[in-house]
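The values are calculated or read from the model by the stated rules, or taken from the named source; none is laboratory data. The model shown is predicted, which means the values in this text are computed figures rather than measured ones. Counting neighbours? That spans all protein chains shown, and the Cβs are built from the backbone with ideal geometry, glycine included.
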Amino acid sequence: MFATPDLDAVTIETFDLNLVKYAQIAADRGLHVFMDKPGSESAEDFEKMLSTIKKNGKVFSIGYMYRYNLAVQKALEIVKSGKIGQIYSVEVHMSIDHFKEKRKWLGAFKGGMTFFLGCHLVDLIYSFMGLPDEIIPFNESTGVFDVTAKDYGFVVFKYKSVVSFLKTCASEVGGFGRRQLVICGSLGNIEIKPIESFCFEKRSEYPQFKFPLTSNIVVNYKMNENNLFTWSEPVVTENTPVQDRYRDMLRDFARKIHLGKMDDSDFEREARVHRLVLASCGIECDWNGKINL
């Protein structure tokens, strides 16, 4: 691969615990790096890789595709506008019904399913709520079909007097259709359920696959702060355009390359999210400490 003439950038997709190993090799050669999520089980190794890329004046992207989901971006816009008031909870689910051997494979990671898919949800909670005061992980095995790997993850993020949580399970029948993001505020709430839907139209290059696309966003609003009790509130459904799951994520990587740089805050965000993922998996690290890259 490195013998490719005029090579500028690489994408790293491999066994999760080897992602940073190969990303570091690419970083040492002065390349722009896109890496699948979430990175190694070592904060030190992950941040060494980021530091190398930053020192070389290159850019880094990671495979958190929900950052680019149009429904999620719309939700962030609504939250920042103050339309649903003070945010007191974010709830995120990302489950699936994996076959037995895939659930056994989760035993390779200390956090099991929280490391493998829960990392996406950590990234979402951090996007809406910022740094928590406490992280309480509950990573367990469902025991379904005698699999002992931690195929069920539930993690609580405490913020002073409020709580957010994530749930991820590899043994949940119909779990893909119940992937959701719920944001609760004092004047309303936002629900994206499912976070993405399948596209059933065939694509010539991959006729055997269905493709996940953006879902719509539902917003419940209070009439006013002093309204009387009702069983339901006014509901607005915001339609979001159809969107490929990965295209905008990779376009953003290309955009960064053409700009030729990344802000220091972008590197720090990646390091922070990675530390939060490790803490959510029960891996000891200085998840709320200072980051120096």
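So which residues in the range 1-46 are more than 21 Å from the chain's Cα centre (by Cα), among the acidic types (Asp, Glu) and outside any loop (DSSP other than H, G, I, E, B)?
Hit for the range 1-46 is Asp28, nothing else.
Of all residues in the range 217-236 being surrounded by 10 or more Cβ atoms within 10 Å (Cβ to Cβ) and not hydrophobic (A, V, I, L, M, F, W, C), which is modelled with the lowest pLDDT?
First, pick out the residues of the range 217-236 that are surrounded by 10 or more Cβ atoms within 10 Å (Cβ to Cβ): 217-223, 233-236.
Among the residues that remain, those that are also not hydrophobic (A, V, I, L, M, F, W, C) are: 220-222, 233-234.
Working: Asn220: 89, Tyr221: 84, Lys222: 79, Glu233: 76, Pro234: 81.
Looking at the filtered set, the residue picked out is Glu233.
Give the residues of the range 66-77 that are surrounded by 22 or more Cβ atoms within 10 Å (Cβ to Cβ) and either in a strand (DSSP E or B) or out of contact with any strand residue (DSSP E or B) (no Cβ under 7 Å at 6 or more places or on another chain) (or both), sorted by residue number. So that I can check it myself, show each step before the final result.
To start, the set of residues in the range 66-77 that are surrounded by 22 or more Cβ atoms within 10 Å (Cβ to Cβ) comprises 66, 69, 71-72, 75.
The one that is surrounded by 22 or more Cβ atoms within 10 Å (Cβ to Cβ) and either in a strand (DSSP E or B) or out of contact with any strand residue (DSSP E or B) (no Cβ under 7 Å at 6 or more places or on another chain) (or both): Tyr66.
Could you tell me which residue of the range 132-149 is nearest to Gln86 (Cα to Cα), considering only residues that are assigned to a loop (DSSP other than H, G, I, E, B) and more than 18 Å from the chain's Cα centre (by Cα)? Spell out how you get there, then give the answer.
Quick first cut of the range 132-149, residues assigned to a loop (DSSP other than H, G, I, E, B) only: 132-133, 141-143, 147-149.
This time we only want the ones that are more than 18 Å from the chain's Cα centre (by Cα), so: 133, 141-143, 147-149.
Values: Asp133: 18, Ser141: 35, Thr142: 36, Gly143: 39, Val147: 42, Thr148: 41, Ala149: 38 Å.
The extreme case among them is Asp133.
Give, as residue ranges, the strands (runs of 3 or more DSSP E) completely inside the range 150-201 that count at least 3 residues that are at pLDDT 95 or above and closer than 16 Å to Asn139 by Cα. Steps first, please.
Details: elements: 152-159, 162-169, 180-185, 188-192, 196-199.
In the range 150-201, 152-159, 162-169 are the strands (runs of 3 or more DSSP E) which contain 3 or more residues that are at pLDDT 95 or above and closer than 16 Å to Asn139 by Cα.
Being touching a strand residue (DSSP E or B) at 6+ places or on another chain (Cβ under 8 Å) and surrounded by fewer than 23 Cβ atoms within 10 Å (Cβ to Cβ) is the filter here, so list the residues in the range 20-51 that pass it.
Answer for the range 20-51, where residues must be touching a strand residue (DSSP E or B) at 6+ places or on another chain (Cβ under 8 Å) and surrounded by fewer than 23 Cβ atoms within 10 Å (Cβ to Cβ): Tyr22, Leu31, Asp36, Lys37.
Return yes when Met35 is touching a Phe, Trp or Tyr at 6+ places or on another chain (Cβ under 8 Å) and over 27 Å from Lys193 (Cβ atoms) and no when it is not.
On the way: touching a Phe, Trp or Tyr at 6+ places or on another chain (Cβ under 8 Å): yes; over 27 Å from Lys193 (Cβ atoms): yes.
Against the criterion (touching a Phe, Trp or Tyr at 6+ places or on another chain (Cβ under 8 Å) and over 27 Å from Lys193 (Cβ atoms)), Met35 qualifies.
Those residues that are in a strand (DSSP E or B) and either touching a helix residue (DSSP H, G or I) at 6+ places or on another chain (Cβ under 7 Å) or under 20 Å from Glu196 (Cα atoms) (or both), I need them from the range 81-116; list them, please.
Once the filter is applied, which keeps residues that are in a strand (DSSP E or B) and either touching a helix residue (DSSP H, G or I) at 6+ places or on another chain (Cβ under 7 Å) or under 20 Å from Glu196 (Cα atoms) (or both), the range 81-116 yields Ile87, Val90, Glu91, Val92, His93, Asp97.
Can we say Arg251 is assigned to a helix (DSSP H, G or I), surrounded by fewer than 18 Cβ atoms within 10 Å (Cβ to Cβ) and over 20 Å from the mean Cα position of the chain (by Cα)?
Values: assigned to a helix (DSSP H, G or I): yes; surrounded by fewer than 18 Cβ atoms within 10 Å (Cβ to Cβ): yes; over 20 Å from the mean Cα position of the chain (by Cα): no.
Judged against the criteria, Arg251 is not a match.
Exactly one of these conditions fails for Ala271: (1) outside any helix (DSSP H, G or I); (2) in contact (Cβ under 8 Å) with a residue 12 or more places away in the chain. Give me its number.
The single condition Ala271 does not satisfy is (1).
Residues checked against (1) closer than 14 Å to Ala26 by Cα; (2) out of contact with any Phe, Trp or Tyr (no Cβ under 6 Å at 6 or more places or on another chain); (3) in contact (Cβ under 8 Å) with a residue 40 or more places away in the chain; (4) not assigned by TED's automatic domain parsing to the domain that holds Ser265:
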{"position": "Thr52", "(1), (2), (3), (4)": "yes, yes, no, no"}
{"position": "Asn69", "(1), (2), (3), (4)": "no, yes, yes, yes"}
{"position": "Ala75", "(1), (2), (3), (4)": "no, yes, yes, yes"}
{"position": "Ile78", "(1), (2), (3), (4)": "no, yes, yes, yes"}
{"position": "Ser81", "(1), (2), (3), (4)": "no, yes, no, yes"}
{"position": "Gly85", "(1), (2), (3), (4)": "no, yes, yes, yes"}
